[in-house]
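I have placed the structure first, in the form of structure tokens, so that the comments after it can refer back to it.
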Amino acid sequence: MRRCLIVAMVLALGILSCRGKVEKTAGEPGGILTVGTMEMPAAISPLQPSIFSSNEILDLLFLRLHEIDPATGKMKPILAESWEFSEDLKSITYYLRKGVTWWDGEPVTAHDVLYTYEQMKEPSNNYPNVNMLRFIDSVEVLNDFAIKFSFDKVYADILTDSDIMPVPKHIHEQLGSDFGTSPVGNGPYRLNEWVPGSGIILVANETYYTGRPALDQIHIRLYRNTNEMVDDFREGDLEMMFSITPGAADAIRNNENVEIYSEAGNSYLYIGWNLDHPFLQDVFVRKALTMAIDRQRILRDIYDSRGEISLGPLPPSSWAYNSEVPPVTYDVDGARSLLQEQGYSDYNRNRVIDKDRREFTLRLITNVENPDRLAILRYIAEDLQKIGIRVITQTLEANDFIDVLISGQFDGFVMGWRVGDKIDPTLYWHSRGRYNLVSYSNTLVDSLIDMGITMLDRNRARAIWSEFQRIVYEEQPYSFLVVPDRIAAAHKRVRGIDHEVRLASTSEYWIPEAERRVSVASAIPPANPSPEVPVGVTSLSATLETTGTALEEPPTVIAPENLIEAAAQRDTAVVDTGTASLVAELPPPPPKPSVITRAEAVRRVQPKYPAAAREFEAAGTIVVRVLVDTDGSVKDATIIKSFGNPACEQAALDAARQWEFKPATKDGAPFEQRVSIPFTFTP
């Protein structure tokens, strides 16, 4: 029976053992492919990947053990010719391909894989994705071409977490951190020329294990402005563009020689609410704010209706997405009524609602260098003013914006997160998460995250993540806005595009000889200077009351998520970049956030099923949010979820008030913290 269960779990992983065939390169050899992009890492090394910028160039220069085949959705062997699981599923033995060499001719061996793993684990190297290695117990070289990974538990992402992209041990030992500026790889292309902040030239690897790739060269040009990239594309200086805006796509849509590629996006835009704000601690107030925001208008006007309305912290492109989450609909009158029910009204008749003699004023911020988010901020301000909220918008230069986020000096901020194939929202949504910038805390959500990341069965994991998505969306710590589509463009002379257009896939593309350009514009333009802050950027001390005046688009597009990489100093995360990476020009990082520990229950009291509820056979879950005082006692208790039975609600409140906690701490000192307690009632 146990063996049957183990085999069933292996099938859930997708494969017990695998042996891959070598796929020969297709297409006519020769030619140059020139592409434009808005993001590029500051270092080119598997040991120094960017957290927030694209790392797809690494797939052209280095081989990983395996990857997911976009055509089948299954794991495809690359450097590992095959692999097999142990009977208890806690170990994987990889068998490497023989004959794969580094660019200097040395063979790629299991010793390189082990060395890379050890460098990832070395604390002084600050490997940003070290979190994915936390369940690996040991790595052992069996011979030059066999290596064994052992884990402390069985879970769904074992293959993903052991997918090492090795570096050459004999070279990295000599270069150390300088390897990222002078990399030596084993991929289909070799680095020929690199001007940081401007562009890269790659040349075909003549000794690549599947045979020389078709294209002679790939020229990658970095842009900081979409319009400049589109102009070069229209002039014929580029064959491809990645991550373009809907407006850019419309500008070239009528060109019969151009193909537009659009796919569901994996990033969601939001406005994050500061849950330390006394008004924003009320879930009904946050729901009213979301009801008042016309998200369809944002999607239509800013993204040309290319995308979806966001239903929480998982995008529709995610395998675990819950499409059944009840959406918060746009309803201005409903938002006003909901606020009135919570005691907010225009008592002094100045067209601003207030409560307890305090006006409802919100300070909303975003970074000035991102025109889409400036427009979103303006739309949100207009919508919230319609329900009687005074909105002060502040547009900050990206570095100041990050300082404000980390210090918590905001009421709301516009930003975006990107969700990868592997779901691990710990950093954003766990109460201890490094990027939990809104101070969201829900013990049930914490438990779901802890369970989901270690779940073996994908179906059970999907159920966990669906519930995670539902709860977070229901509580509205963010007003979830939109999930824009990912859009790219390519001239039809480029062949070999079977699926999405990605920089990592350009090694599979080719151009027929008869359609190649005779000459290529300058492969790498002069290096772009560091962007200057546009005139009129609001300083940290200044504020700008929203007037509805159109905001002028600045010349440089920046997503502050890229810059948080420096402040974070190498935590595991993936966020929506949307723009050029400015890691190379980063200033000194801002201060790290406070170290916070959670309140832990030391006395739990369960409510009795009320006799008054027995007559109706009332059943369901009630969630009570309590405010834990600095002495560990419950200072306040509020119901945030119920199934509508007053007797059960009162029993839940009475029980919650009797709980006792080890108080939360901030930088070692006790402080108040809110904790959610679920109670289930059954007859």
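Please treat every number below as a calculation from the coordinates, not as lab data. Predicted model only: the values in this text are computed from it and were never measured. Note: ideal-geometry Cβ built from the backbone for every residue, glycine included; neighbour counts use all protein chains shown.
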Square roots of five times the Cα gyration tensor eigenvalues for the stretch 453-492, Å: 30, 20, 6
Cα-Cα P(r), the stretch 157-241, percent of pairs per 5 Å interval: 3, 12, 15, 16, 18, 16, 11, 7, 3, 0
Global geometry of the stretch 51-133, whether rounded, prolate or oblate, following the gyration tensor of its Cα atoms and the 1.5 cut on a/c: rounded
Neighbour-limited loop hits for GluC sites (Glu not before Pro), the stretch 77-143 (at most 13 other Cβ within 10 Å; DSSP other than H, G, I, E, B): Glu87
Placed amide H near Glu67: partners under 5 Å, 5+ positions off or other chain: Lys76, Ile78
Kirkwood Rh, Cα atoms: Rg over Rh of the stretch 596-681: 1.06
Using alpha carbons only: equivalent-ellipsoid semi-axes of the stretch 171-309, gyration tensor based, whole Å: 41, 25, 14
Links that overshoot a 27 Å alpha carbon limit, given the list Lys287/Lys662; Lys355/Lys641; Lys74/Lys492; Lys608/Lys641: Lys287/Lys662; Lys74/Lys492
5 angstrom amide H check on Trp417, placed H, neighbours 5+ away: Tyr268, Asp576
Along principal axes, Cα extents of the stretch 29-182, largest first, whole Å: 48, 39, 33
Rounded Å value of the spacing that divides the Cα centres of the stretch 222-246 and the stretch 449-466: 40
Distant-in-sequence amide H partners of Trp102 (H built 1.01 Å from N, under 5 Å): Val108
Neighbour-count order for Ile271, Ile353, Ile406, fewest beta carbons within 10 angstrom listed first: Ile406, Ile353, Ile271
Fraction of beta bridges assigned by DSSP in the stretch 320-463 that are antiparallel (%, nearest 5): 25
